[in-house]
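Below: the structure, in structure tokens.
Computed from the coordinates by the stated procedures, all read-outs in this text should not be read as laboratory data. Bear in mind that the values here come from a model prediction, so they are computed numbers and not experimental data. With ideal geometry, Cβ positions are generated from the backbone for all residues, glycine too; neighbour counts draw on all protein chains shown.
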Amino acid sequence: MRGTERSMARRAELIAIGRKLFADTSYDALSMDDIARQAHVAKGLIYYYFQSKRGYYLAIVQDSVADLVTSAASGLELPAVDRVHRTIDGYLRYAEHHQAAYRTIVSGGVGFDAEVHSIRDGVREAIIATIAEGAYGRSDIAPLPRMGLLSWLCSVEGATLDWIDHPELSRDTMRDLLVKTLGGALRAVEELDPAYPAPQPARRDA
């Protein structure tokens, strides 16, 4: 059992190192020799745990995605509008405190690797489902509201990348801005499909 725990800890350590390496350097620019040298491990150790560079990269993306989704999906016990607010705050908090991992999820890459794109599509769908639960009380929404949320989320990804590179706004201000732009997207959805009314903002004490 101790051996298994040590093995899992070693694998997690290699993933943490890889997050930073692939965030700062493109996939194609890093050879296995480069990775092993910068990680201060034997190249064979990376092959042992991940079989290949691509396997290593996929493990890094999957691990980062799991962290991001968990962070953004917290607060399910809150009222609907507060849940949306909490989701966006968790998303930004994750990006702020795990910048290398966030860049790996959103902008690191293996060209047109279908499996990597599938992982990234998966995190988008998970975030959309979380927002839809908060906004509409369910995640199984029609194509129009889904596209409205996806359009908003794609803009959030670009804005968040810029924000962590140029943190001129506080996280609270950034969160409030994204909440308001989400409100605009939800109102546009309601205008086109009244079956999906935009939730009313919660009244907050001054």
(request) For the chain, calculate the relative contact order in percent as a whole number, restricting contacts to Cα pairs under 8 Å that are 6 or more residues apart. (result) 20 percent
(message) Given the DSSP H assignment, sum -39500 (n - 2.57) over each helix run of at least 4 residues in the chain and divide by its residue total; what's the result at 222 nm in deg cm²/dmol, nearest 500?
(response) -25000 deg cm²/dmol
(request) State, to one decimal in nm, how far the label point of residue 117 lies from the label point of residue 42, with both points 7 Å from Cα in the Cβ direction. (result) 3.9 nm
(request) With springs only between Cα atoms under 10 Å apart, run a GNM on the chain and tell me which of 84, 65, 41 wobbles the most. (result) 41
(message) Can you give the longest run of the chain that contains no trypsin sites (Lys or Arg not before Pro) sitting in a DSSP loop with at most 14 other Cβ atoms inside 10 Å?
(response) 1-137
(request) Determine, for 4, 70, 87, the number of other Cβ atoms within 10 Å of each Cβ, and report the residues in order from fewest to most. (result) 4, 70, 87
(message) Could you give the length gained by full extension between residue 107 and residue 190, i.e. 0.36 nm per residue of separation minus their alpha carbon distance, to one decimal place?
(response) 26.7 nm
